[in-house]
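The values are calculated or read from the model by the stated rules, or taken from the named source; none is laboratory data. As the structure is a prediction and not an experimental result, all values here were calculated from the model. Counting neighbours? That spans all protein chains shown, and the Cβs are built from the backbone with ideal geometry, glycine included.
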Amino acid sequence: MVNGSRILGPNSTCTAEKIVKKGDHFSVRLNCSDAILFSSFSVSFRVIDKTHFERFDPQFPELSVIYYKCEP
């Protein structure tokens, strides 16, 4: 679930610290934590439409994962 800059996942909670638009995609710096540890990393994605987005590694853009919005 996404609420503002907070992203709640099944195993951790992340906060989007910095969002940069680069052409047709975005890079986001995330600070995440779970019950044991804290980590910080960047992810890149592009919005496909209002219900889908694609996450990829800029160094290997041919490897990607497409996500979709679940029905409430």
Residues in segment 35-54: is at least one at pLDDT below 90 and acidic (Asp, Glu)? no
Would you be able to say whether some residue in segment 24-34 is in a loop (DSSP other than H, G, I, E, B) and basic (Lys, Arg)? no
Considering only segment 3-16, I want to know if a residue exists there that is within 22 Å of CYS70 (Cβ to Cβ), of a type in the set (S, T, N, Q), in a loop (DSSP other than H, G, I, E, B) and over 11 Å from the mean Cα position of the chain (by Cα). yes
Note down all Cβ pairs under 7 Å where the first residue falls in segment 32-55 and is loosely packed, with under 15 Cβ neighbours inside 10 Å, the second is outside any strand (DSSP E or B) and not acidic (Asp, Glu), and they're at least six residues apart or on different chains. SER33/SER12; ASP34/ASN11; ASP34/SER12; THR51/LYS69
If you go through segment 16-23 one residue at a time, do you hit one that is small (Gly, Ala, Ser), in contact (Cβ under 8 Å) with a residue 12 or more places away in the chain, in contact with a Phe, Trp or Tyr (Cβ under 7 Å, 6 or more places away or on another chain) and surrounded by 12 or more Cβ atoms within 10 Å (Cβ to Cβ)? no
